[in-house]
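To start, the structure itself, in structure tokens.
Please treat every number below as a calculation from the coordinates, not as lab data. Nothing here was measured: the structure is a model prediction, and the numbers come from that model. Using ideal geometry, Cβ is built from the backbone for each residue, glycine included, and neighbour counts are taken over all protein chains shown.
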Amino acid sequence: MTISSQLSGDGAEMILRIDGRFDFSQHQAFRAALEAAGGARSFVVDLGHSEYMDSAALGMLLLLLEKAGGSRERVRIVNPNPNVRKILEIANFDKLFTLA
């Protein structure tokens, strides 16, 4: 269970990859990644290797949305497995974020 981040060459976009369980135990790593984002204006959250998320993870995604200026177009959540996608949809996060 790790969070890795990578900035684009121009520093405008950050890709966050979350492996394993996306829960409260990831909070400090997630915040550190956001601090490392610097002036990034858009974010991609890759959940392709995350099999679980809880309400703390939803809260972390809201922090990310706030960092992106509240713009749905600036935060994309990609590759969620069916269970994670269902959690996002039940929480109506498909209305707040772009899910791909």
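Using 7 Å Cα-to-Cβ label points, what is the residue 90/residue 51 separation (nm, one decimal)?
Going by the 7 Å Cα→Cβ label model, 1.8 nm.
Net charge near residue 40, counting Lys/Arg +1 and Asp/Glu -1 over other residues with Cβ under 10 Å of its Cβ? Kindly include the intermediate steps, with their values, before the conclusion.
Numbers: positive: 41, 67, 74; negative: 10, 13.
Net of charged neighbours comes to +1.
For residue 87, what is the net charge nearby, where nearby means another residue's Cβ is under 13 Å from its Cβ and Lys, Arg count +1, Asp, Glu -1? Don't skip to the answer; put the middle values down first.
Details: positive: 21, 85, 86; negative: 23, 51, 54, 89, 94.
Its environment carries a net charge of -2.
Along the Cα-to-Cβ line of residue 42, 7 Å from the Cα, sits a label point; which residues in region 85-100 have backbone N less than 20 Å from it?
Hits in region 85-100 for residue 42 at 20 Å: 94-100.
Computed over the Cα atoms of the chain, what is the convex hull's projected area averaged over all directions, in nm²? Don't skip to the answer; put the middle values down first.
Working: hull surface 21.3 nm².
One quarter of the hull surface, i.e. the mean projection, equals 5.3 nm².
For region 2-99, what's the relative contact order in percent, using C-alpha pairs closer than 8 Å and at least 6 residues apart? Display every interim value, and only then the final one.
Working: 167 pairs, mean separation 25.9, N = 98.
Over region 2-99, the number comes to 26 percent.
With labels modelled as points extended 7 Å from the Cα through the Cβ direction, what inter-label distance (nm, one decimal) is found for residue 21 paired with residue 58?
1.8
Can you check what the net charge comes to around residue 21, using other residues whose Cβ is under 11 Å from the Cβ of residue 21 (Lys, Arg +1; Asp, Glu -1)?
Numbers: positive: none; negative: 19, 23, 51, 54.
Summing Lys and Arg as +1 and Asp and Glu as -1 gives -4.
By Kyte-Doolittle mean hydropathy of at least -1.0 and Cα axial length of at least 15 Å, which whole DSSP H helices of the chain are selected?
55-67
May I ask which residue of 68, 14, 80 lies farthest towards the positive end of the charge dipole of the chain, with charges of +1 (Lys, Arg) and -1 (Asp, Glu) on Cβ and the Cα centre as origin?
It is 68.
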